[in-house]
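S.K.: Got a structure for you, written out below as structure tokens; questions coming shortly.
Each reported figure results from applying straightforward, stated rules to the coordinates on display, with no laboratory input. All values reported here derive from a predicted model rather than from experimental measurement. Here Cβ is always computed from backbone atoms with ideal geometry, including for glycine, and neighbour counts include all displayed protein chains.
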Ligand code: LLP
């Protein structure tokens, strides 16, 4: 995020708050870095678009040659309507409906399969279909426990203990396994866990090598949430994975693509969320600052205990104090209870950093509050990419039953 306080305050003035702002140049910078760390000609990046689906962002990402990882029929439709080549889109859902797979088949989207019922369904509906098997690697890693999805009992992926059964299905059914896939979790900071997972993936690639073209390593790379925070050493990961992948390819004499599916790594730090303080209460033990938002707009602190650094943009030099920063919902909606923030007064603009991934996307209309606007800043120019929701938008799906 390269946007300074004066620019952010200008956007708050121009577009109002609450407001999501994305730095397009920061997103491009992350893509560039990622590609430089994995110097493999067959390296491909598929943006896990569930992190941020605004099509202006998708077009920007796709302009660098990146494809998309999608998880629902709606995400596939959004991706296609952004102009991406369907061959650069994968469908990696969990427990999706049959109609969604039929849509993917019809449009030539990459079929990731994580259950045997769906494998049978695909074989029946598209004999000879090319599929990518998503395995559960039985590796526990990631940040908050809800973000660890690779352990054996998780709902994701084909059960690693059933490899023989899976191989049997593949032999029996009219499908071609062209890829293997894993995704261990999110906010994984240790390179060692990734390397363990990569070895697992290569093992599966070897077992299903006959028609194999894609080795998909998922996403989950941890970014820093505050200065000095631990993050995945992508440079080291790139070095180790590149070396290992090249060796694997050499022994298998088969052209293969290495695919990664980052979400947070591409857009997390490129986003900032602006709110305005509505009131401040001073108690004996603490001060509470309220802002014109809540977990209806940014749920990560309440849902995952996630840390978003908060800055009072309106009083840069003011003395700092420890605030309890909360929202305007009629329910507990604490954003932070342990950050030092420059003295807050009603009307001040507060910035919540690291708000590019899974923030707008997880917003809701709780308390009948409309969702914020989104803007994209690129090369110094700001563009409105989603207008603020209105009451009419919110009521549009309600039906008057005449009762
Ligand atoms: N690939 C698959 C199959 C995934 O399920 C995910 C994320 C990714 C890639 C991208 O993971 P990332 O690089 O963004 O960590 N709402 C949570 C994150 C949930 C991630 C779900 N799957 C959060 O706000 O932290």
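S.K.: Two decimals is fine: what is log10 I(q)/I(0) at q = 0.21, 0.30, 0.34, 0.35 Å⁻¹ for segment 208-247, from a Debye sum with one equal scatterer on every Cα and no solvent?
M.R.: Treating every Cα as an identical point scatterer, log10 I(q)/I(0) equals -0.81, -1.08, -1.14, -1.15.
S.K.: Give the peptides 204-215, 43-54 in descending order of average Cβ contacts within 10 Å, highest first.
M.R.: Descending packing order for the listed peptides: 43-54, 204-215.
S.K.: If I take R0 = 25 Å and measure r between the Cβ atoms of residue 195 and residue 386 in this structure, what FRET efficiency does the formula 1/(1 + (r/R0)^6) give, to the nearest 0.05?
M.R.: Given R0 = 25 Å and the Cβ-Cβ separation, E is 0.05.
S.K.: Next question, about the same structure. Whole Å is fine, so just give me how far the alpha carbon centre of segment 8-22 lies from that of segment 332-403.
M.R.: 11
S.K.: Out of all DSSP beta bridges with both ends in segment 248-376, state the antiparallel percent to the nearest 5. Please report the intermediate quantities before stating the final value.
M.R.: Working: 19 of 23 bridges.
Within segment 248-376, antiparallel bridges account for around 85 percent of the total.
S.K.: Considering the Cα positions of segment 149-255, please state its Rg to one decimal place and its Dmax as a whole number of Å.
M.R.: Cα radius of gyration and Dmax of segment 149-255 are 15.6, 54 Å respectively.
S.K.: Sort the following peptides by mean Cβ neighbour count (other Cβ atoms within 10 Å, averaged over residues), highest first: 152-158, 248-254, 320-326.
M.R.: 320-326, 152-158, 248-254
S.K.: For segment 272-328, list log₁₀ I(q)/I(0) at each q in 0.14, 0.18, 0.28, 0.30 Å⁻¹, using the Debye formula over Cα point scatterers of equal strength and ignoring solvent, two decimals each.
M.R.: -0.41, -0.68, -1.38, -1.42
S.K.: So, one more: For segment 20-163, report the translational diffusion coefficient in µm²/s to the nearest whole number, using Stokes-Einstein at 20 °C, 1.002 mPa s, and a Kirkwood Rh over Cα pairs. Could the numbers behind the result be given before it?
M.R.: Details: Rh = 16.6 Å.
Value of D from the Cα-based Kirkwood radius: 129 µm²/s.
S.K.: Report relative contact order for the chain in percent, whole number only (criteria: Cα-Cα under 8 Å, sequence separation at least 6).
M.R.: Relative contact order, the chain: 19 percent.
S.K.: Packing-wise, with mean Cβ within 10 Å as the measure, how do 170-176, 71-77, 291-297 rank, highest first?
M.R.: On the way: 170-176: 15.0, 71-77: 17.0, 291-297: 24.7.
Final packing ranking: 291-297, 71-77, 170-176.
S.K.: Could you give me the percent of Cα pairs per 10 Å distance bin for segment 234-333, shortest bin first, beginning at zero and ending with the bin that holds the maximum distance?
M.R.: Pairs per bin, as whole percents: 11, 30, 21, 13, 13, 9, 2, 0.
S.K.: For residue 401, put the label point 7 Å out on the Cα→Cβ axis and report which residues of segment 339-383 keep their amide N under 18 Å from it.
M.R.: Counting only backbone N, you get no residues.
S.K.: Moving on to the next point. Ratio of the chain's C-alpha Rg to 2.2 N^0.38 Å, to two decimals?
M.R.: Cα-based Rg divided by the globular estimate yields 1.05.
S.K.: Once Rh for segment 82-220 is found with the Kirkwood sum over Cα pairs, what is the Stokes-Einstein diffusion coefficient at 20 °C and 1.002 mPa s, in µm²/s? The partial results should precede the final answer.
M.R.: Details: Rh = 15.3 Å.
The Stokes-Einstein estimate is 140 µm²/s.
S.K.: Please state the equivalent ellipsoid semi-axes for segment 271-395: what are the square roots of 5 times the Cα gyration tensor eigenvalues, largest first, in whole Å?
M.R.: Semi-axes from the Cα gyration tensor: 24, 18, 13 Å.
S.K.: Also: Just the number, please: percent antiparallel of the DSSP beta bridges in the chain, rounded to the nearest 5. All intermediate terms of the calculation are to be shown ahead of the outcome.
M.R.: Details: 29 of 66 bridges.
The antiparallel proportion sits near 45 percent.
S.K.: Over its Cα atoms, what ratio of radius of gyration to 2.2 N^0.38 Å does segment 87-152 give? Display every interim value, and only then the final one.
M.R.: Details: Rg = 13.5 Å, N = 66, 2.2 N^0.38 = 10.8 Å.
Compactness ratio reported: 1.25.
S.K.: If you take every DSSP beta bridge fully contained in segment 123-228, what fraction is antiparallel? Give it as a percent rounded to 5.
M.R.: So the antiparallel bridges in segment 123-228 amount to around 10 percent.
S.K.: Additional query: If you bin the C-alpha pair distances of segment 199-269 every 5 Å from 0, what whole percents do you get?
M.R.: 3, 13, 24, 21, 14, 11, 7, 4, 2, 0
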